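Accompanying notes for the structure given below.
The values are calculated or read from the model by the stated rules, or taken from the named source; none is laboratory data. For clarity, every value in this text was computed on a predicted model and none was experimentally measured. A quick note on method: Cβ atoms are made from the backbone with ideal geometry, for glycine too, and the neighbour counts reach across all protein chains shown.
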């Protein structure tokens, strides 16, 4: 039973790794912090995995865990021992940085200037989540999501214009 659970976890983690990386990038500034946060999220997903009830999509559930972990990480700034083996994590991070370009770096730097809650909303939005899904993940109303996204876009636009 434990082996089946581990296999399901690994499959879900691999399938939703993009979510985890995007959220981690939005809440960290250094590669080491990024690695630490990815590990923290992996630990949280693993420890909560047996309680997933399929009331929502697994991607929504993973988003919620990842965002809550990132917010806690940012608040506490504590470090834990690695959960993923170093080689796997290095491969993930190297792939991410190899695919990065200047525009996405500018965007992430601008997103980094947002408060934590707005940062979470825009990451979900950029990942293609609907207003309804964002509302479910963050716990605010659908109309509030739309209003916040509009304001966040304007704020990002002004920040990016200043930098270019």
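Some points to look at:
- Any hit, the stretch 132-143, residues being touching a helix residue (DSSP H, G or I) at 6+ places or on another chain (Cβ under 7 Å) and modelled with pLDDT under 85: no
- Test: residue 105 is loosely packed, with under 14 Cβ neighbours inside 10 Å, at pLDDT below 90 and not assigned by TED's automatic domain parsing to the domain that holds residue 9: yes
- Of all the residues in the stretch 144-154, those that are at pLDDT 90 or above and in contact with a helix residue (DSSP H, G or I) (Cβ under 9 Å, 6 or more places away or on another chain) number 7.
Conditions (1) more than 14 Å from residue 69 (Cβ to Cβ); (2) in the same structural domain as residue 72 (by TED's automatic domain parsing); (3) surrounded by 18 or more Cβ atoms within 10 Å (Cβ to Cβ), marked per residue:
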| position | (1), (2), (3) |
| --- | --- |
| 10 | yes, yes, no |
| 18 | yes, yes, no |
| 33 | no, yes, no |
| 37 | no, yes, yes |
| 42 | no, yes, yes |
| 47 | no, yes, no |
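- The set of residues in the stretch 1-32 that are farther than 18 Å from residue 59 by Cβ, over 11 Å from the mean Cα position of the chain (by Cα) and in contact (Cβ under 8 Å) with a residue 40 or more places away in the chain comprises 5, 29, 31.
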